[in-house]
2 protein chains.
Amino acid sequence: MNAEIDQNAKPLSPDLLQKMDAYFRASNYLSVGQIYLYDNPLLRVPLAPEHVKPRLLGHWGTSPGLNFVYVHLNRVINNHDLDMIYVTGPGHGGPSLVAHTYLEGSYSEFYPNVSQDEQGMKKLFTQFSFPGGVPSHVASETPGSINEGGELGYCLSHAFGAAFDNPDLIVTCVVGDGEAETGPLATSWHSNKFLNPEYDGAVLPILHLNDGKIAGPTVLARIPHNELDMLFRGYGYKPYYVDYDSVNGDTMALHQQMAAVMDRAIAEIKAIQADARANGLKERPVWPMIVMRTPKGWTGPKVIDGLKYEGSFRSHQVPVSETKTNLDHLKILEEWMRSYKPEELFDEDGRFLPELEALAPKGIRRMGANPHANGGILLRDLRMPDFRDYAVDVPHPGATVAEATRIQGRMIRDVITLNEEARNFRVFSPDETESNRWGAVFEVTDRCLVADIKPDDYQISHNGRIMEMLSEHQCEGWLEGYILTGRHGFFSCYEAFIHIIDSMFNQHAKWLEVTRHIPWRRPVASLNYLLTSHVWRQDHNGLSHQNPGFMDIVMNKKADITRVYLPPDANTLLSVTDHCLRSRHRINVIVAGKQPALQYLNMDDAIKHCTAGAGIWEWASNDKGGEPDVVMACCGDIPTMETLAAVKILREQFPELKIRVVNVVNLMVLQPSNEHPNGMPDKDFDSLFTTDKPIIFAYHGYPWLIHRLTYRRTNHKNLHVRGYKEEGTTTTPFDMVVLNDLDRFHLVGDTIDRLPQLAGRTAYTKQYLRDRLLEHKAYVHQYGEDMPEIRDWKWTDD
Amino acid sequence: MNAEIDQNAKPLSPDLLQKMDAYFRASNYLSVGQIYLYDNPLLRVPLAPEHVKPRLLGHWGTSPGLNFVYVHLNRVINNHDLDMIYVTGPGHGGPSLVAHTYLEGSYSEFYPNVSQDEQGMKKLFTQFSFPGGVPSHVASETPGSINEGGELGYCLSHAFGAAFDNPDLIVTCVVGDGEAETGPLATSWHSNKFLNPEYDGAVLPILHLNDGKIAGPTVLARIPHNELDMLFRGYGYKPYYVDYDSVNGDTMALHQQMAAVMDRAIAEIKAIQADARANGLKERPVWPMIVMRTPKGWTGPKVIDGLKYEGSFRSHQVPVSETKTNLDHLKILEEWMRSYKPEELFDEDGRFLPELEALAPKGIRRMGANPHANGGILLRDLRMPDFRDYAVDVPHPGATVAEATRIQGRMIRDVITLNEEARNFRVFSPDETESNRWGAVFEVTDRCLVADIKPDDYQISHNGRIMEMLSEHQCEGWLEGYILTGRHGFFSCYEAFIHIIDSMFNQHAKWLEVTRHIPWRRPVASLNYLLTSHVWRQDHNGLSHQNPGFMDIVMNKKADITRVYLPPDANTLLSVTDHCLRSRHRINVIVAGKQPALQYLNMDDAIKHCTAGAGIWEWASNDKGGEPDVVMACCGDIPTMETLAAVKILREQFPELKIRVVNVVNLMVLQPSNEHPNGMPDKDFDSLFTTDKPIIFAYHGYPWLIHRLTYRRTNHKNLHVRGYKEEGTTTTPFDMVVLNDLDRFHLVGDTIDRLPQLAGRTAYTKQYLRDRLLEHKAYVHQYGEDMPEIRDWKWTDD
């Protein structure tokens, strides 16, 4: 099975073996205790119904396997003074990680009330999955965790993200065979093609096959050994096997097998690293991994009420139920717990025996106390260039044309350069860095690929800082792991396809929200998204590439965590980018265009505008500080251009009309100030948007989001929003806005329809609008591109 | 490379080889023509700038590979009279599929204006990626397509979904090496563990390695051959290789290699099927697959302006640009197109030469005309049980307790039974069928697993109709493929984790919307979701398992396509389920509880209530048909219970208060009738919700969705919505609603605060509410479960 390992090797001395098994039993005991016990934690008296919790919540099935791994990791950490963290894919195995951090002492350091004595053990048990206590998962409350695992699929991406640029770190990642069925996990094995042993740390994946999910068998547990072996060799790993059946279920023999495999894996990791660091990386190494096959609910009750439990999906959650009312079941529970012999593990005071506790690593080598798993304490500020240095020269509004994200890319390039030495900043993208106009970064770094690089390859190296794999899941997971271990990053993505990671965003937002309230967790860098190739410039790809709904998802999360910016041009984009890279513990979404577009604000004005979040563009307005007849509001680059073009037409047609142009950069200002810290006070909102004049709001995304944010505002009844209404196909850029009624001509029509003072005077204008739209359609259908007067339209100051 | 195939085999006669290569050249010619030409389709005159389109949009890179495959599939279809469809993972290769369906004649049957002559060819070229024309992708407009491929990752899941229960169908699925990096695609290879050759059809995956994505190399193209081979053997396939380099780039030799491999693959598929159908399925077969390695942009320009194009990522989209202005480039384009020798392929009239067209299959054997790819024409109604037969007896409201989804599961069970023979209904779930209380289905079928089944396995067989893999992507992809080929299904999922497939939902909704307007596409069955284990009953898992935001995503799509139902009890759930299974071409989302809960409506009342979508619950109201003082509205099972409990308290405390209870089942009725076909006319809405009385609305999801739907309604200013505000942890069910201010006590407080007529009389009640909440918190923190009076609360008719 493990051809390169002596099958008779016994790396563990009899004494150490006994102690490690005792440690394993202690962690199993504490795992069961957390799920079941309300009192009598050391079973000093016979177990009675009142000692059991009223509601039994938790997952036993995966816990003993996780416990077994932890004991063995402790040994190699001690033997080699390893810097190691433990990423728990089967995150519902909360009892296990809590048990181990308690045994090693890190838990009580973070939570002094859960002390290492009988009283503390009672608290440990009671609090688990109990109101006011701790979640049943390996949540952010659990010391050592960077991966909650509430939602499955991301543990291995997180682990690799943690290992990048951490050359001394080994990230052990247990992958459950349930999680292994998810898409994100299935592709994340390929992360080894992006990890460079010369500069990065190592990931040691442990695939845990326990055969069962909630109610059925798992795929990887049911394929033949030779397929399993080829699969992981095909993924580029060298699998080592730890197999309960191969030792006929003899736990002591399994300890020896695991110890031998673990020694081998660590030795190979060290050899790969030593070679790469001495000689440079020649070719992608084949990293070791471990495939561990143990029964689900191992060491738990074998049979209950005639049904198989140990080794069955029935052990997934709480094997013995109704222990308060069924005395037979209570007895099964007591026998089960006593089978771990707690009296041999804990002293009179309920303290773990010193000779056993001695097996745990010390200080920050304990996996519950490793600072990498509380990245905020390692976080260093980025060295930042002065974003003003990249300013586009805008002598007057509309005078210049630039590609906003291309300008931003130069700033990102210099962020990379300035932090090259610190190696704490990376860019992640599903093969879109160049397409999204961040090509400048390739002046100073490359795409990372730790695989075969060919002579005519371009901008690719083993040591690039641009992480491109065509998997939004992988990009997001790597970035999350990178951030949670105290580094910085940026994710650039096509706007529509960021929906692919909606659910990952959701989990990360929850993690940030919860950790804000955990005193020992330090703030981490913000997760920054650039969303471009956006809905209005999918004229070449059409409907399938159009979706501005990620913002709707983001707005569902807690106000303290999320920010959404839609800078209308390059200088505002630079200002926003600077702000996002300096912020902490947030999720910042920036939506910006990559096509050549009009530039409106010089850098000073851009900074002022971004600081306010929204404001009047005096230069486009003619209300001269007085009360306007109408407010033309806009948010997003294309809606801003169409609004300005509409204003031009209106001012030509109705010179006496007082028009105010309001631009919104920070979507959050639209909310009431009691809903969001960026929310604009009602007074200010009313003075921007008036209390009774029509507001024609041209918005980048789905229009109802604006209504949702503003329905409590005084003038909401006069608010008319245009935005994306799910119309699109392969067409021209201008036709895309026409299809959604967001174009200048429709905006003019919307406006004059809402101005009673124009009654009787709009016929000419309406004919003009109809003519322009017909002319547009005819031209586009004949020539396949927009009319020159549309393409080359410019704002000109009057 | 292909050990089992004679390397010197030449399955193609010289004549056939020449013809097939001519066919290949014709399809390449038409592919290039679509991307570039506006006129002069047959190059009868030298190419001039005015013959070229003003905007060049499209993807050349993948097209020649797709063309090569199509030619060879045509041959085996003819040889074996195969029933085959072609799923195009590299969906941006639209030119290829359009070219082939045009050559085989199916395109012109669907689009008679694009005729098989010079004029038609000009139209074919002009319309491509042109305003008013056709999208550049293999979109729903493309005959033979069931997978747009705008978003990557799902082709193989779609292919397997199409093959289930279609024993005579072979689904060829080309997987691009870019798409192969996505998570969903990486796990979808494991679909072979769920396909039964006895009853299902076959999938022939063709992994197309062309080495490049948009701007960089692909992972699978850059791993050594032995790893690639092991990877796919590990996935359970037998790979055959077609490799450009292995024949030194000799196209004719590659045709022979492909033909030999294709013959072998078809023979193996037939042998596997014959064996399973004669002898029953003994063990999972190892299906053949093809790995095809050809240069990106094969047969295109090799070098342009000194840079490599053929065989490089630079061929991804439009290799030669500026052909209107750069005459050297125009010359390259002309030489490229003439290299296919159009004069040898098309006759004087521009018609494909008959001896070449003869290579195409005939009638519905043409892949563009195969009815499986236009599933609506094969769709048969489900045989449906009478949903009234499963009714829960509800003698009076609140008299009964039942688990709604368990009742629904019995109906689903009988749908399975009634359609057992037709084999056109399946259930899909990520391992949650039992957990979601649909256990009754296991009385008549099993979980499907075409892998090792062990003696003590339970409810598992090779032929089960319950498709469980722990991948929401896989479930969704299979179901979409199953539906689009004319069958029916249901997806049951935890509410929070349906967000994992947000983006797939989005693409499917767009597909349905577009196909509504394509006359030759027939309506397919609706895609039905049961979302349960919902936000209010995640007291055991906590925050990470809470997210009711999928409804927000769904509401962004076109009104014709989406429906969202929140039935408050079992009988309403049955009625809604019946409606959804009979509906067509929609996406129906049903959110329902699985826990024991109060039942309110008998079947007659449930049917009436669901038909209306929302209505007054007279039995809970005391406004006796008059104008109420307050409207207590509710939507969702838990909000409904809390509202009723609040009404009880209010009526005790303020007996003279006139309260109207309105329950909403169909979320769409809240919208204005001009926004949604289910939208309630303003008149009816006003008569339900009044025009001026306070409305306290208890809603299942994020509260602002209700505001977004109702902001235009007369009484919106008096609407106060409670819902999920992102608070949760491991706690008790009632505490979960308390954390979000949705509980009965908060609802009473909200109500009395909005009733000026109670001014000066609410102090006692407010004290009562505070006391109850304190009592609740104290009890929960002591006992870990809800107080008996909460747990056992019942509505009682007065």
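Taking only the stretch A:313-337 into account, find how many residues are of a type in the set (D, E, K, R), under 30 Å from A:D177 (Cβ atoms) and modelled with pLDDT of 95 or more. Full working, then the answer.
To start, the set of residues in the stretch A:313-337 that are of a type in the set (D, E, K, R) comprises A:314, A:322, A:324, A:328, A:331, A:334-335.
From what's left, under 30 Å from A:D177 (Cβ atoms): A:314, A:322, A:335.
Those still in the list that are modelled with pLDDT of 95 or more too: A:335.
Counting residues in the stretch A:313-337 that are of a type in the set (D, E, K, R), under 30 Å from A:D177 (Cβ atoms) and modelled with pLDDT of 95 or more gives 1.
Considering (1) closer than 26 Å to A:P295 by Cβ; (2) free of Cβ contacts under 8 Å to residues at least 24 places away in the same chain, say which one A:N40 fails and leave the rest.
Status for A:N40: all satisfied but (1).
Quick test for you: out of B:N147, B:N192, pick the one residue that is polar (S, T, N, Q), over 21 Å from B:I501 (Cα atoms) and outside the structural domain of B:F425 (by TED's automatic domain parsing). Before you say what the answer is, go through the steps one by one.
Numbers: B:N147 fails: over 21 Å from B:I501 (Cα atoms).
The conditions single out B:N192.
Conditions (1) at pLDDT below 95; (2) of a type outside the set (S, T, N, Q), marked per residue:
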position: B:V564; (1), (2): no, yes
position: B:N571; (1), (2): no, no
position: B:R584; (1), (2): no, yes
position: B:V591; (1), (2): no, yes
position: B:M603; (1), (2): no, yes
position: B:G615; (1), (2): no, yes
position: B:G625; (1), (2): yes, yes
position: B:M632; (1), (2): no, yes
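Just give me the residues in the stretch A:25-46 being crowded, with 21+ Cβ neighbours inside 10 Å and either more than 14 Å from chain B (Cβ to nearest Cβ) or assigned to a loop (DSSP other than H, G, I, E, B) (or both), in sequence order. Write out each step before concluding.
Initial filter on the stretch A:25-46 (crowded, with 21+ Cβ neighbours inside 10 Å): A:25-37, A:41.
A:R25, A:A26, A:S27, A:N28, A:Y29, A:L30, A:S31, A:V32, A:G33, A:P41 - these are the residues of the stretch A:25-46 that are crowded, with 21+ Cβ neighbours inside 10 Å and either more than 14 Å from chain B (Cβ to nearest Cβ) or assigned to a loop (DSSP other than H, G, I, E, B) (or both).
Among the candidates A:P64, A:P95, which residue alone is within 15 Å of A:V318 (Cβ to Cβ), away from chain B (no Cβ under 14 Å) and within 29 Å of the chain's Cα centre (by Cα)?
Working: A:P95 fails: away from chain B (no Cβ under 14 Å).
Criteria check complete, one pass: A:P64.
Given the criterion at positive phi, among the acidic types (D, E), within 13 Å of chain A (Cβ to nearest Cβ) and in contact (Cβ under 8 Å) with a residue 24 or more places away in the chain, identify the matching residue among B:D211, B:D165, B:D177.
Working: B:D165 fails: within 13 Å of chain A (Cβ to nearest Cβ); B:D177 fails: at positive phi.
Within the list B:D211, B:D165, B:D177, the selection yields B:D211.
Do we have any residue at all in the stretch A:470-486 that's within 20 Å of A:A592 (Cα to Cα), outside the structural domain of A:V171 (by TED's automatic domain parsing) and not acidic (D, E)?
Yes, the stretch A:470-486 contains at least one residue that is within 20 Å of A:A592 (Cα to Cα), outside the structural domain of A:V171 (by TED's automatic domain parsing) and not acidic (D, E).
Matching residues to (1) within 23 Å of B:F685 (Cβ to Cβ); (2) β-branched (V, I, T):
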| residue | (1), (2) |
| --- | --- |
| B:C610 | yes, no |
| B:G615 | yes, no |
| B:G625 | yes, no |
| B:A646 | yes, no |
| B:Q653 | no, no |
| B:I659 | yes, yes |
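Is one or more of the residues making up the stretch B:241-259 in contact with a Pro (Cβ under 7 Å, 6 or more places away or on another chain), away from chain A (no Cβ under 14 Å) and under 30 Å from B:N463 (Cα atoms)?
Within the stretch B:241-259, the first condition is being in contact with a Pro (Cβ under 7 Å, 6 or more places away or on another chain), and the residues that meet it are B:244, B:256, B:259.
After this cut, where a residue has to be away from chain A (no Cβ under 14 Å) as well, the list is B:244, B:256, B:259.
Of the ones still in play, those that are also under 30 Å from B:N463 (Cα atoms) are none.
Taking every residue of the stretch B:241-259 in turn, none turns out to be in contact with a Pro (Cβ under 7 Å, 6 or more places away or on another chain), away from chain A (no Cβ under 14 Å) and under 30 Å from B:N463 (Cα atoms).
Give me a count of the residues in the stretch B:510-524 that are touching a strand residue (DSSP E or B) at 6+ places or on another chain (Cβ under 6 Å) and either within 14 Å of another protein chain (Cβ to nearest Cβ) or among the small types (G, A, S) (or both). I'd like the intermediate steps shown before the answer.
Taking the stretch B:510-524 as the starting set, the residues that turn out to be touching a strand residue (DSSP E or B) at 6+ places or on another chain (Cβ under 6 Å) are B:523.
Filter once more, keeping what is either within 14 Å of another protein chain (Cβ to nearest Cβ) or among the small types (G, A, S) (or both): none.
Residues flagged as touching a strand residue (DSSP E or B) at 6+ places or on another chain (Cβ under 6 Å) and either within 14 Å of another protein chain (Cβ to nearest Cβ) or among the small types (G, A, S) (or both) within the stretch B:510-524 amount to 0.
Restricting to the stretch A:661-680, name every residue that is more than 13 Å from A:V564 (Cα to Cα) and either in contact with a Lys or Arg (Cβ under 8 Å, 6 or more places away or on another chain) or of a type in the set (V, I, T) (or both).
Listed by number, the residues that qualify are A:V661, A:V662, A:P672.
Which of the numbered conditions does A:E434 fail, given that it passes all the others? Conditions: (1) modelled with pLDDT of 95 or more; (2) in contact with a helix residue (DSSP H, G or I) (Cβ under 9 Å, 6 or more places away or on another chain); (3) not hydrophobic (A, V, I, L, M, F, W, C).
Every condition holds for A:E434 apart from (1).
I'd like to know if the stretch A:755-773 contains one or more residues that are out of contact with any Pro (no Cβ under 8 Å at 6 or more places or on another chain), modelled with pLDDT of 95 or more and within 14 Å of chain B (Cβ to nearest Cβ).
Yes, there is a match, as at least one residue in the stretch A:755-773 is out of contact with any Pro (no Cβ under 8 Å at 6 or more places or on another chain), modelled with pLDDT of 95 or more and within 14 Å of chain B (Cβ to nearest Cβ).
Regarding the stretch B:214-232, can at least one residue be identified that is more than 27 Å from the chain's Cα centre (by Cα), within 14 Å of chain A (Cβ to nearest Cβ) and of a type in the set (S, T, N, Q)?
Yes, the stretch B:214-232 contains a residue that is more than 27 Å from the chain's Cα centre (by Cα), within 14 Å of chain A (Cβ to nearest Cβ) and of a type in the set (S, T, N, Q).
In the stretch A:294-331, how many residues are among the aromatic types (F, W, Y) and under 15 Å from B:D457 (Cα atoms)?
Keep residues of the stretch A:294-331 that are among the aromatic types (F, W, Y), which gives A:298, A:309, A:313.
Filter once more, so that each one left must be under 15 Å from B:D457 (Cα atoms): A:309, A:313.
Number satisfying all stated conditions: 2.
Quick one: how many residues across the stretch B:155-206 are of a type in the set (S, T, Y) and touching a strand residue (DSSP E or B) at 6+ places or on another chain (Cβ under 6 Å)? Walk me through how you get there before you give the answer.
First, pick out the residues of the stretch B:155-206 that are of a type in the set (S, T, Y): B:157, B:172, B:182, B:187-188, B:191, B:199.
Going one step further and asking which of them are touching a strand residue (DSSP E or B) at 6+ places or on another chain (Cβ under 6 Å), we end up with B:172.
Total meeting the criteria: 1.
Since A:W478 meets every condition but one in (1) closer than 20 Å to B:E181 by Cα; (2) outside any helix (DSSP H, G or I), which condition does it not meet?
(2)
Tell me, which helices (runs of 4 or more DSSP H) lie completely within the stretch B:102-200 with 2 or more residues that are of a type outside the set (S, T, Y) and surrounded by 23 or more Cβ atoms within 10 Å (Cβ to Cβ)?
It comes to B:118-127, B:155-163, B:183-188.
Does at least one position in the stretch A:437-444 carry a residue that is basic (K, R) and touching a Lys or Arg at 6+ places or on another chain (Cβ under 6 Å)? Give the derivation first.
Taking the stretch A:437-444 first, the residues basic (K, R) are A:437.
Checking which are touching a Lys or Arg at 6+ places or on another chain (Cβ under 6 Å) leaves us with A:437.
So far as the stretch A:437-444 goes, yes, one or more of its residues are basic (K, R) and touching a Lys or Arg at 6+ places or on another chain (Cβ under 6 Å).
If you check every pair at least six apart or on different chains, which have Cβ atoms under 8 Å apart with a residue in the stretch B:397-408 that is on the phi > 0 side of the Ramachandran plot first and a residue that is hydroxyl-bearing (S, T, Y) second?
B:G398/B:Y600; B:G398/B:T796
If we keep just the residues of the stretch B:486-508 that are closer than 25 Å to B:G464 by Cβ and in a helix (DSSP H, G or I), which is farthest from the other protein chains (Cβ to nearest Cβ)?
Among them, the one singled out is B:H508.
Only strands (runs of 3 or more DSSP E) wholly contained in the stretch A:370-473 count here; list those with 3 or more residues that are more than 14 Å from every other protein chain (Cβ to nearest Cβ).
Numbers: elements: A:400-403, A:425-429, A:466-468.
Answer list for the stretch A:370-473: A:400-403.
For the stretch A:525-564: of the residues being more than 19 Å from B:H499 (Cα to Cα) and in a helix (DSSP H, G or I), which is nearest to the other protein chains (Cβ to nearest Cβ)?
For the stretch A:525-564, the residue satisfying everything is A:L543.
Name, by its number, the condition in (1) touching a strand residue (DSSP E or B) at 6+ places or on another chain (Cβ under 7 Å); (2) within 30 Å of A:R537 (Cα to Cα) that does not hold for B:L42.
The failed condition is (2).
Residues are listed down the side, and each one gets a yes or a no for (1) acidic (D, E); (2) over 28 Å from B:P205 (Cβ atoms); (3) touching a Gly at 6+ places or on another chain (Cβ under 8 Å):
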site: B:Y23; (1), (2), (3): no, no, no
site: B:L42; (1), (2), (3): no, yes, yes
site: B:S63; (1), (2), (3): no, no, yes
site: B:F68; (1), (2), (3): no, no, no
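Kindly evaluate A:M262 against the criterion of being under 34 Å from the mean Cα position of the chain (by Cα), closer than 25 Å to B:G234 by Cα, more than 14 Å from chain B (Cβ to nearest Cβ) and not in a strand (DSSP E or B). Lay out the reasoning, then the answer.
Numbers: under 34 Å from the mean Cα position of the chain (by Cα): yes; closer than 25 Å to B:G234 by Cα: yes; more than 14 Å from chain B (Cβ to nearest Cβ): yes; not in a strand (DSSP E or B): yes.
Yes.
The values are calculated or read from the model by the stated rules, or taken from the named source; none is laboratory data. Just so it is clear, the model here is predicted, and its values are computed rather than measured. Cβ coordinates were reconstructed from backbone atoms using ideal geometry, including for glycine residues, and neighbour counts include every protein chain displayed.
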